[in-house]
1. Do we find that residue 282 is surrounded by fewer than 21 Cβ atoms within 10 Å (Cβ to Cβ) and at pLDDT 95 or above in this structure?
2. Of all residues in the range 46-81, how many are over 23 Å from residue 162 (Cβ atoms) and hydrophobic (A, V, I, L, M, F, W, C)?
3. Name the one entry in 251, 290 that is over 20 Å from the mean Cα position of the chain (by Cα), under 22 Å from residue 321 (Cα atoms) and not hydroxyl-bearing (Ser, Thr, Tyr).
4. Would you tally the residues in the range 113-171 being part of a strand (DSSP E or B), under 24 Å from the mean Cα position of the chain (by Cα) and hydroxyl-bearing (Ser, Thr, Tyr)?
5. Would you pick out the residues in the range 268-279 that are of a type in the set (Val, Ile, Thr) and surrounded by 19 or more Cβ atoms within 10 Å (Cβ to Cβ)?
6. Which of the residues belonging to the range 47-70 are assigned to a helix (DSSP H, G or I) and touching a residue at least 12 places away in the same chain (Cβ under 8 Å)?
7. For the range 258-267, check the following and say yes or no: at least one residue is within 16 Å of ligand 1 (Cβ to nearest atom) and more than 24 Å from residue 226 (Cβ to Cβ).
8. Could you list all residues from the range 285-314 that are loosely packed, with under 15 Cβ neighbours inside 10 Å and without any contact (Cβ under 8 Å) to a residue 12 or more places away in the chain?
Amino acid sequence: MYPLWDMPLCSIRYPNGNVAGTWEQHTIVVQAQATHINKWRIENMADRESHPTPMLNELETGPWPSFVSGIKRLRDEHQQDRVNGVANDLLGQLEHSYETRKGYWKGGTVSVYGYGGGIIPRFSEVGQQFPDSKEFHTLRVQPPAGNHYSTDVLRQLADSWEKWGSGLVTFHGQTGNIMFIGATTENTQHFFDEINDYGFDLGGAGPCVRTAQSCVGASRCEQSCANEHKIHRTLVNNFTDDVHRPALPYKFKFKISGCPNDCMNAIERADMAVIGTWRDDIKIDQDEWKTYVEAKGRQHTIDNIITRCPTSSLSLKDDDSLEIDNRNCVRCMHCIMWRPRLFRQELTRV
Ligand code: HEM
Ligand code: SF4
Ligand code: SF4
């Protein structure tokens, strides 16, 4: 039995090493892989009837990729019989919910040793009908700062999850967690132990400090004014106990954006938004600016840049130069984003 990543269908090896061959060669390789998988299935899969899903099937007919198709792939193509069974019963329960217009998941209390949060427990109220998915807990796992992963780590996480969980995963949930969706109570502990060994930790759930999130920032973004990832790590390391054990009257969220564009939407999502900004005045290359005004025209420049400054801090002079009233600038980023090459905010990292 090999993990999903090594399934022949997923790793098409071209006839002559990694060099792409002719279309005929590709077809032969893909056919051989399909035959291999079918053979594997006949030899290894339990004799199980798929639950009929006429209502869910309709969701697959829309223009967008459907989550139903994704779960069916786990039911029909995954090489672990356990995963096939979980996906089958999950679909069965969902179809049953659609038929009866009623949800059958109830919460509860599930945790791992030493923690008080991080797991969203879900027990089925119709577990006798759908036993393979009767415990379907979600683990919230904290992402690295800036969501930087190596492909090796992503494979490792996926392999661990297919070993212990349902194979369903969301990168990332709204709060920023990796959401590993669907493990039994017992496997929740095993999965956590395994990923914790290679450096991952549970996120927050309940009235605690919740999982923090930071933008991609300085590593790829020219607007970055702060060391987002250091801020993120400092906060997380400092508040780790408060993430693991819900001891607050209510939840508390940190989100970190490197500049006022606020790609993390920290202002709306966080109790404490950390947003990088510049310490000095906006720098403007007047020669480049004048070239721009000449090329685009004064009307275009006034309509699109000058009058759109929310605090009227921009003034186009008679000689086509630009004056910025920095004291009244509220750092909305409009002028900077309009032409990043013309404006520079001073990079002042913390
Ligand atoms: C049993 C109760 C609750 C459950 C099971 C629940 C579950 C969830 C889940 C699964 C997420 C997404 C997490 C992620 O993607 O990482 C979430 C996010 C969120 N929840 Fe809840 N929640 C509950 C109660 C509440 C309450 C009472 C509120 C507000 C009064 C709330 C507000 C939010 C907000 C604002 C987010 C998005 C946070 C963000 O984007 O950073 N939740 N919740
Ligand atoms: S918030 Fe600013 S620094 Fe961070 S990714 Fe967005 S534009 Fe770049
Ligand atoms: S950043 Fe916004 S507020 Fe500041 S000068 Fe530019 S447009 Fe005006």
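The values are calculated or read from the model by the stated rules, or taken from the named source; none is laboratory data. Because the structure is predicted, anything quoted here is derived from the model rather than measured. In this analysis, Cβ positions are derived from the backbone assuming ideal geometry, glycine residues included, and neighbour counts consider all displayed protein chains.
1. Numbers: surrounded by fewer than 21 Cβ atoms within 10 Å (Cβ to Cβ): yes; at pLDDT 95 or above: no.
In short, no.
2. Of the residues in that region, 3 qualify.
3. On the way: 251 fails: under 22 Å from residue 321 (Cα atoms).
So the residue among 251, 290 that is over 20 Å from the mean Cα position of the chain (by Cα), under 22 Å from residue 321 (Cα atoms) and not hydroxyl-bearing (Ser, Thr, Tyr) is 290.
4. Final tally of qualifying residues: 2.
5. Across the range 268-279, the qualifying residues are 274, 275.
6. Scanning the range 47-70 gives 54, 55, 56, 68, 70.
7. Scanning the range 258-267 turns up no residue that is within 16 Å of ligand 1 (Cβ to nearest atom) and more than 24 Å from residue 226 (Cβ to Cβ).
8. Within the range 285-314, 287, 291, 295, 296, 297, 299, 300, 303, 307 qualify.
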